[in-house]
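In what follows, a structure is listed as structure tokens, so that the remarks can point back to it.
The values are calculated or read from the model by the stated rules, or taken from the named source; none is laboratory data. The shown structure was predicted, so the numbers you read here are calculated from the model rather than taken from an experiment. A quick note on method: Cβ atoms are made from the backbone with ideal geometry, for glycine too, and the neighbour counts reach across all protein chains shown. These area figures cover heavy atoms from the full protein model, side chains too; ligands, DNA and RNA do not enter into them. Shrake-Rupley method; radii C 1.70, N 1.55, O 1.52, S 1.80 Å.
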Amino acid sequence: MVVRRPPGRRAQILAVAADRFHRRGYHQVSMTEVAAGVGITAPALYRHFRGKPELLDRAVRLGLDALSEGLRPARTTADLGAALAAVAVGHRPLGTLVQRDARLLPPARRAALRRELRADVALMVAVLRAERPELAVVDAELLCWSALSACAGLSYQSAAPQPRRAEALLREVVAAVLAVPLSGTAAGSTGSTGGPAPEAASYAPGPRPRARREELLAAAVRLFHQRGFDNVSTDQLGAAVGISGPSVYRHFDSKAELLAASLVRSRERLWHEVDRAIAAAAGPAAALEAGLAAYVGFALRNGDYLGAMLSETERLAPPDRRAAVDFRRDFLRTWVGLLRQVRPGDDAATARIRVHALFALVNDGVRNRPHSARPGLGDCLLRLGRAVLGTPVEGAS
């Protein structure tokens, strides 16, 4: 007797795997859990996929294939917006899978995925420059990558938005991003990216033991972001600050404690800088602008923290992970409340989509080479941030 597999079983498995990886993180999901979500046994799952790495690879490819298929027939920037919005809503896990989990794939697969994204961006650039021939290729590329990132922000919402409303809003966001003028952001332009610089005394090191601890915290954020928590040893952490690996344990009981402490220290600085800027402003519009400038300034100086926050939060112990999630929720709530004061016509769901899009755009912008090394990047991110939030864009005609 031949037992036939249900049609579409592989697609069903990929959908469940993508959702589980998206919600809980790749490391926290087992093949047994994916199998249970599909209603099959783990051995049956292995008849379709050899293991979790292949599941992740295929889940990412499924979303990227949908993106390529949606962009291929695009002839106008409106078509681009429709394609990006449809994929963001229909494949909501794709943003986190690409930005957080794809780095866990083998180098060859990561390189292949990156090539696919570059090909999609090249297609977008051609469409954009047909409508805006004054744009240099590098400027058009920045705008297109930013539009992709803004749509990926939908992936970080804890609750799924109403699909039609989300698509309509994301089409509007993409149109605003692709229309941003980048004139005046030439080499050497710094603009108002950082707001007031933090006073040196705020983070001045204390006695030598405290200085070594601070050095370890900074090194940990950098290494965990660049290599991943599991790929960084205590010997590497110690070498980064000029001590032996075992000496790390004089400051922290474990590598996990060092990760937690480094993320706590970084988010304390983020909150300090942004909250101070918002509190010093006169009125909601000025506060939103000051907060945006402070966030962009922080991001430009702390891209490693933003990357580690995104990729390594799942590696924290449950209490530390809850604290990190609570901080992000409170931080988001502050921005949503402020934006709704500036744009009273936006409901909470609309404001959340805009704010998530802002964070994704800026976080990617400071880490996405070669554009992260662009002179005047801060000014570009400010203009793009205003476009995403739906506030006036300086330099627009």
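Once both labels are positioned 7 Å from their Cα atoms along Cα-to-Cβ, the gap between Ala317 and Arg250 label points is 2.3 nm. With one equal scatterer per alpha carbon and no solvent term, the Debye-computed log10 I(q)/I(0) for region 328-397 at 0.13 1/Å reads -0.40.
Rounded to the nearest 500, what is the chain's calculated 222 nm mean residue ellipticity when only DSSP H runs of at least 4 contribute -39500 (n - 2.57) each, over all residues?
-21500 deg cm²/dmol
Residue ranking by accessible heavy-atom surface, 1.4 Å probe, largest first, among Ile278, Ile353 comes out as Ile278, Ile353. Each listed q (0.17 Å⁻¹) maps to a log10 I(q)/I(0) for region 206-357, found by the Debye formula over equal Cα scatterers with no solvent: -0.97. Working from Cα pairs under 8 Å separated by at least six residues, relative contact order for the chain is 19 percent. Of the residues Arg369, Arg103, Arg269, the one that moves most in a GNM of the chain with alpha-carbon contacts below 10 Å is Arg369.
Straightening the chain between Arg164 and Leu117 buys 14.4 nm, computed as 0.36 nm per residue apart minus the Cα-Cα spacing.
What does the charge count around Val87 come to, taking other residues whose C-beta lies under 14 Å from its C-beta (Lys +1, Arg +1, Asp -1, Glu -1)? Don't skip to the end; give the middle numbers.
Working: positive: Arg61, Arg72, Arg92, Arg171; negative: Asp65, Glu69, Asp79, Glu116, Asp120, Glu167.
With Lys, Arg at +1 and Asp, Glu at -1, the neighbours total -2.
What residues from region 93-130 fall in the zone where the backbone N is under 19 Å from a label point 7 Å along the Cα-to-C-beta line of Arg50? The answer is 102-113.
Heavy-atom accessible area per residue, the chain, 1.4 Å probe: how many Å²?
Numbers: 17970 Å² over 397 residues.
That works out to 45 Å² for each residue.
If the viscosity is 1.567 mPa s and the temperature 4 °C, what Stokes-Einstein diffusion coefficient in µm²/s follows for region 282-335 when Rh is the Kirkwood radius over Cα pairs?
Details: Rh = 12.7 Å.
Roughly 102 µm²/s, to the nearest whole number.
Excluding Leu67 itself, calculate the net charge of residues whose Cβ lies under 9 Å from the Cβ of Leu67, where each Lys or Arg counts +1 and each Asp or Glu counts -1. Net charge around Leu67: -4. Here the 3J(HN,Hα) profile of region 13-20, calculated from phi with Karplus coefficients 6.51, -1.76 and 1.60 at θ = phi - 60°, is 4, 5, 5, 5, 4, 4, 5, 5 Hz, Gly and Pro shown as x.
Residue-wise HN-Hα couplings along region 90-102, as the Karplus relation 6.51 cos²θ - 1.76 cosθ + 1.60 with θ = phi - 60° gives them from phi, are x, 10, 4, x, 4, x, 6, 5, 6, 7, 10, 9, 4 Hz; Gly and Pro carry x. Excluding the site residues themselves, the longest part of the chain lacking any GluC sites (Glu not before Pro) in a DSSP loop with at most 11 other Cβ atoms within 10 Å is 200-397.
First select every other residue whose beta carbon is under 15 angstrom from the beta carbon of Pro161; then total the charges, Lys and Arg +1, Asp and Glu -1. Once all neighbours under 15 Å are counted, the net charge is +2. Each listed q (0.14, 0.16, 0.23, 0.29 Å⁻¹) maps to a log10 I(q)/I(0) for region 210-274, found by the Debye formula over equal Cα scatterers with no solvent: -0.36, -0.47, -0.92, -1.37.
Taken along its principal axes, the alpha carbon cloud of region 312-356 reaches lengths of 40, 13, 11 Å, longest axis first.
Normalised size of region 8-103, defined as Cα radius of gyration per 2.2 N^0.38 Å with N residues, equals 1.16. Here the chain is treated as a sphere whose radius is the Kirkwood value from Cα pairs; by Stokes-Einstein at 20 °C and 1.002 mPa s it diffuses with a coefficient of 96 µm²/s.
How high is the FRET efficiency from Asp19 to Ala211, r the C-beta distance, R0 51 Å, rounded to 0.05? Intermediate values should be presented prior to the final figure.
On the way: r = 45 Å, r/R0 = 0.88.
That gives a FRET efficiency of 0.70.
Determine the share of the chain's accessible area contributed by carbon and sulfur atoms, expressed in whole percent, with a 1.4 angstrom probe. Spell out each step's value before the answer.
Working: 9860 of 17970 Å².
Roughly 55 percent, rounded to a whole number.
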